[in-house]
Amino acid sequence: MGGELAAVRCDLEDFAAEMFEPFARADQRRWGEVYLRGLLLDGRRKSVEPMAARLGEDGNRQALAHFITSSPWEAAHVRARLAWRMQQVIKPTALIIDDTRFLKDGEASACVSRQYTGTAGKVTNCQAGVSLHLASDGASAAVDWRLFLPESWDPASPKADPAKTARRATCGIPAEVGHVEKWQLALDMIDETRSWGIDVPLAVADGGYGDTAAFRLGLEERGLTYVVGISTTTTAHPEEARPHSPPYSGRGPRPQPAYPDPAGTVKKLVIAAGRQAARPVQWREGSRPGSGRSGFKRMYSRFVALRLRPAGREIRKAADGPELPERWLLAEWPATAPEPVQFWLSNLPADTPLATLVRQAKLRWRIEHDYREMKQALGLAHFEGRTWRGWHHHVTLVSVAHAFCTLQRLTRSPKETASA
């Protein structure tokens, strides 16, 4: 995008004017557009100083730093406008939720903690950001963010670290912000996007969210369908299992109906169904050359779909009666693999075709695509400020820059983005 920026400068100015219309002051709108231009220009680092050096006469480092770190504009107002615009273009079929890490050298930035990050492949100092993306088969956009606050930063937590809680004021962390699990942040973002008028009926997430029964129940309480990853140790009863009431001895309270056999793991249930239950499904064509109709490699594997009854204390408490509700279990079992390799749970209707289940589960690739573009080309993880406000401002403007790139691609060729 950097080399083409001059050719689309007018488009960028128009888009920035639309996104930053809620800003109270003209100088905020000006520096918002300049910051976007800095993110889109070619260059390895997208922090304030190197961007200022590349921006020529607009390269006022102090003004850019103030705009992103201290200027009192609401990130949520920009995100709402971004969501409205991208909903019209993407026509999303799903909300995708995930989180990504932001590596940090020191411990002074807001919410930095020692956490595992796949980027580094180890436990290291980093921040964790949770994001919500509007997605369809052909395009996606990050429209909401939360910065995860670890328990060590929460003065109300028994795991509070005095050195970190003492830094809250310096980092500008609002007093009301405490530790909230990532799955709850995801539900909060769904509620926020719905308050903007964005109503997408399907949620997609990986096992970091799907393994939590409270997250799945939260989606159901909101009337959402979902396809979420789960771990191999998730337990469930077969579809045909029914609870039974043990004989009453005549003494004490009557025993409650219960399933006579213990729940099994989803992995064991799929293996019991057997390799012969797996069916081939092609869910899309990728970006590498191959034998697909468009000349690209076909994304293809074999899948098993079973109806079953997820188990667990929270599921039992939420169930309307002793019988646990039926759900879909989807498992990927490649022809060359000795056992299934990936699992999902879904509350899509019982008559949902296998190909639909697979396409919805595999739609999560879009969020990985977004993270890669935002990190490699737009400096998502390059913010060097230490404040809560600055982090939210930066990730919001990176999302705006990413959306602008997506709009440019779709304008050039609607089919191009589908295989991006």
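The values are calculated or read from the model by the stated rules, or taken from the named source; none is laboratory data. Because the structure is a prediction, the values reported are computed rather than measured. Don't worry about glycine lacking a Cβ; one is built from the backbone with ideal geometry, like all the others, and counts go over all protein chains shown. We work out accessible area using only protein heavy atoms, side chains counted, and drop any ligands, DNA or RNA first. Shrake-Rupley method; radii C 1.70, N 1.55, O 1.52, S 1.80 Å.
Say R0 is 25 Å: what FRET efficiency, to the nearest 0.05, do Glu21 and Ala355 get from their beta-carbon distance? So the FRET efficiency works out to roughly 0.05. Backbone phi angles across the range 54-69, fed through the Karplus curve with coefficients 6.51, -1.76 and 1.60 (θ = phi - 60°), yield HN-Hα couplings of 8, 8, x, 5, 8, x, 8, 4, 5, 5, 5, 4, 5, 4, 7, 9 Hz in residue order; Gly and Pro are listed as x.
Share of the chain's accessible area from carbon and sulfur, percent, 1.4 Å? The nonpolar share, carbon plus sulfur, comes to 50 percent.
Our summary gives the chain a relative contact order of 18 percent, counting only alpha carbon pairs under 8 angstrom and 6 or more residues apart. Computed from the C-beta positions of Glu176 and Ala6, the FRET efficiency with R₀ = 35 Å rounds to 0.20. Solvent-accessible area per residue in the chain equals 47 Å², computed with a 1.4 angstrom probe and all protein chains kept.
With a Förster radius of 56 Å applied to the beta-carbon distance between Ala163 and Gln256, the computed FRET efficiency rounds to 0.70. In this simple spin-label approximation, Ser195 and Glu314 carry label points 7 Å from Cα along the Cα→Cβ vector, and these lie 2.3 nm apart. Leu132 sits among other residues whose Cβ lies under 15 Å from its own Cβ, and their net charge, with Lys and Arg +1 and Asp and Glu -1, is -3. Amide hydrogen proximity for Asp144: with H placed 1.01 Å from N in the peptide plane, the residues at 5 or more positions away or on another chain lying under 5 Å are Leu132. Taking Pro247, Pro162, Pro338 as the candidate residues, the one with maximal mean-square fluctuation in a Gaussian network model of the chain, Cα springs under 10 Å, is Pro247. Comparing Glu285, Glu323, Glu221 in a Gaussian network model of the chain where C-alpha atoms under 10 Å apart are linked, the largest mean-square fluctuation is found at Glu221. Where (i) 5, 24, 34, 25, 10, 2, 0; (ii) 4, 19, 27, 24, 15, 7, 2, 1, 0; (iii) 5, 21, 32, 27, 12, 3, 1, 0 are the candidate values, the label of the one calculated here for P(r) over Cα pairs in 10 Å bins from 0, in percent is (ii). A cut-off under 12 angstrom between Cβ atoms defines the neighbours of Leu329, and their net charge, with Lys, Arg +1 and Asp, Glu -1, is +2. Taking a point 7 Å out from the Cα of Asp137 in the direction of its Cβ, the residues of the range 191-209 whose backbone N falls within less than 19 Å of it are 201-204.
Listed values for the range 195-206 are Karplus-derived 3J(HN,Hα) couplings in whole Hz (6.51 cos²θ - 1.76 cosθ + 1.60, θ = phi - 60°), namely 5, 7, x, 8, 10, 10, x, 10, 10, 10, 7, 8, and x replaces Gly and Pro.
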